[in-house]
Amino acid sequence: MNICLIYQGEFPREERIEKTAKSLAASGHKVYLLCNDYGTHAAREEVFGDVHVIRLGPKFKSRKLNRIVKFPIFLNLLWIWSLFRVTKRFEIDVLQVIDLPVSPAVLAVGRIYHLPVLYDMWENYPEALRGWAKKDWKYLLFKNYKAARGVERWVTKRVDHIFTVVDEARDRLIADGVSPSRISVVTNGVDLEMFLKTSASVEVSFDPDPDAYKLIYVGAITIERGLDDIVRALKLVRRAIPNVRLYIGGSGNDLPRLKTIAEAEGVCDLVTFLGFLPFDQIHAYVIKSNLCLVPHVYNDFINTTIPNKLFQYMALQKPVLVSNAKPLARIVSQCNCGFIFQSGSPQDAAAKIIAAYHARHDDSYGQRGKVCAEQYYTWELASRELLHVYRGFTPSTRET
């Protein structure tokens, strides 16, 4: 079949898209991706790995104006027209939309062409908007979480199938009245081949002190990632671990605030901001660290998603420190591969970091994590459900 993934962001690189395309292509399908571009990429079309990428390019020189014109406000005509063209040109058989914003547009095109529409729910989009909500016209117009919740209910009752990344997200949809038979959990399992074999040999920028106890976080730096708990905890941690060091790899709009917190807490000397780390370099930094962090905040948004990096840390046999967000705590508790602190409590985060330090010579945490990741949380296992769902669809005749 010819399958089109639709993604509101830019690509590359999004690991779940790459893994999905790899699995579908290995099963004999042709995979296309319609995604956004704000002037970052020179090519409007290219083949990247297993996916044929078609980019919705910039219409104006102004990046801000392009964002406004192409903002996927549920039924954006630019997205609908682009999807019409892609669907007809490549004789698409199945549409798989990623997250909520472009879902109504994809549903509209799917109904016109009589194509199945699958919804890959990466996150609880309405609750994400609630976390960013501000009382100004821009947020009321473009990021209104109440409107998004209404659209979500409408969409989830009409798509042919839904993929979620954790059980908690599936349970939320069932509580909304979605039939369990229309939901499959396809978690963000680690693709061992992709993650390990694409690793670059790089000299990591870590403290030269061989006795330094190195904490690392890699990912987006936004307020819901809970990094402020860790930065504030360092003031308490340094009393017990004078050589503790925190390394933060990534970028995001919460970076200035984190730097301000580090300065106010007097721990700037303990924190190193590494900037954005390319995918193929993450492996090298994780290997050299002592404790890997996923301190995401406990709320309805985080409680229904799971990051790739948790399973990557586990696969590399590293002990982890996570917050008590439901999926994180559930997995780490079941696998007994790390430490869990109460989100919003720097004091508890500090206590758990110190506990991890005292257990630093106990390799069993990392060993259990590796075994658990390889037995239950690989992409090879997760993708079986994805492929099972696709086997239930057959190419259909498109009506023009």
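The values are calculated or read from the model by the stated rules, or taken from the named source; none is laboratory data. Bear in mind that the values here come from a model prediction, so they are computed numbers and not experimental data. Cβ placement follows ideal geometry from the backbone for every residue including glycine, while neighbour counts extend to all protein chains displayed.
Remarks
- Residue within the stretch 197-207 that is at pLDDT below 80, of a type in the set (Asp, Glu) and touching a Lys or Arg at 6+ places or on another chain (Cβ under 9 Å) present: yes
- Residue 231 meets the conditions (1) more than 28 Å from residue 13 (Cβ to Cβ); (2) touching a residue at least 40 places away in the same chain (Cβ under 8 Å); (3) part of a helix (DSSP H, G or I) in every case but one. The failed one is (1).
- When the helices (runs of 4 or more DSSP H) confined to the stretch 58-113 are screened for residues that are at pLDDT 95 or above, those reaching at least 3 such residues are found at 77-89, 103-113.
- Of all residues assigned to the stretch 299-307, none qualifies as being surrounded by fewer than 21 Cβ atoms within 10 Å (Cβ to Cβ), over 20 Å from the mean Cα position of the chain (by Cα) and over 20 Å from residue 234 (Cβ atoms).
- For residue 256, the test of being in the same structural domain as residue 350 (by TED's automatic domain parsing), at pLDDT below 95 and out of contact with any Leu (no Cβ under 9 Å at 6 or more places or on another chain) is failed.
- Filter result (aliphatic (A, V, I, L, M), surrounded by fewer than 20 Cβ atoms within 10 Å (Cβ to Cβ) and touching a Lys or Arg at 6+ places or on another chain (Cβ under 9 Å)) within the stretch 268-293: 287
- Per-region count, the stretch 81-95, residues touching a helix residue (DSSP H, G or I) at 6+ places or on another chain (Cβ under 8 Å) and buried (at least 17 other Cβ atoms within 10 Å of the Cβ): 5
- Verdict on residue 231 being more than 28 Å from residue 190 (Cα to Cα) and modelled with pLDDT of 95 or more: no
- For the stretch 114-137, the set of residues classified as in a loop (DSSP other than H, G, I, E, B) and at pLDDT 90 or above consists of 114, 115, 116, 122, 123, 124, listed by residue number.
- Of all the numbered requirements in (1) surrounded by fewer than 19 Cβ atoms within 10 Å (Cβ to Cβ); (2) outside any loop (DSSP other than H, G, I, E, B), residue 34 misses one, and that requirement is (1).
- Test result for residue 301, farther than 25 Å from residue 19 by Cα and touching a helix residue (DSSP H, G or I) at 6+ places or on another chain (Cβ under 7 Å): no
- Neighbours by Cβ (under 8 Å, 6+ apart or cross-chain): first from the stretch 178-202, loosely packed, with under 13 Cβ neighbours inside 10 Å; second assigned to a helix (DSSP H, G or I) and at pLDDT 95 or above: 180/170; 180/174
- Residues that are closer than 16 Å to residue 263 by Cβ and in contact with a strand residue (DSSP E or B) (Cβ under 9 Å, 6 or more places away or on another chain) were ranked within the stretch 222-238; the one that is surrounded by the fewest Cβ atoms within 10 Å (Cβ to Cβ) is 238.
- Residue count, the stretch 215-247 (criterion: over 18 Å from the mean Cα position of the chain (by Cα) and of a type in the set (Gly, Ala, Ser)): 2
- Checking each residue in the stretch 91-134 for being in contact with a strand residue (DSSP E or B) (Cβ under 6 Å, 6 or more places away or on another chain) and free of Cβ contacts under 8 Å to residues at least 60 places away in the same chain picks out 103, 107, 110, 117, 119, 121.
- Residues in the stretch 142-174 that are in a strand (DSSP E or B) and in contact with a Lys or Arg (Cβ under 8 Å, 6 or more places away or on another chain): 161, 162, 164.
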